[in-house]
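Engineer: I'd like to ask you about the structure that follows.
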Amino acid sequence: MRYLAYLQALRQYLRTPKGAFDARDYLRAIACMAVSAAAAACLLNWILEG
């Protein structure tokens, strides 16, 4: 089960200060992209139906 070793390494990395910072940074970026995509979809829907 090689993937278990990868998950264990990832868990250990996320417990370090840099890993925790990176995880928060990536989650913030994903949330920002999701909000931007939703706003663009709403704008396009408003333009095309309006």
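Engineer: Within the bounds of the range 21-41, is there any residue that is open to solvent by 80 Å² or more (accessible area, probe 1.4 Å), more than 18 Å from the chain's Cα centre (by Cα) and of a type in the set (F, W, Y)?
Structural biologist: No, every residue in the range 21-41 fails to be open to solvent by 80 Å² or more (accessible area, probe 1.4 Å), more than 18 Å from the chain's Cα centre (by Cα) and of a type in the set (F, W, Y).
Engineer: For the range 8-19, give me each residue that is more than 18 Å from the chain's Cα centre (by Cα) and in a helix (DSSP H, G or I).
Structural biologist: Hits for the range 8-19 are Q8, A9, Q12, P17.
The values are calculated or read from the model by the stated rules, or taken from the named source; none is laboratory data. These numbers come from a predicted model, not from an experiment. Surface accessibility is based on the protein's heavy atoms, side chains included, excluding ligands, DNA and RNA. Shrake-Rupley method; radii C 1.70, N 1.55, O 1.52, S 1.80 Å.
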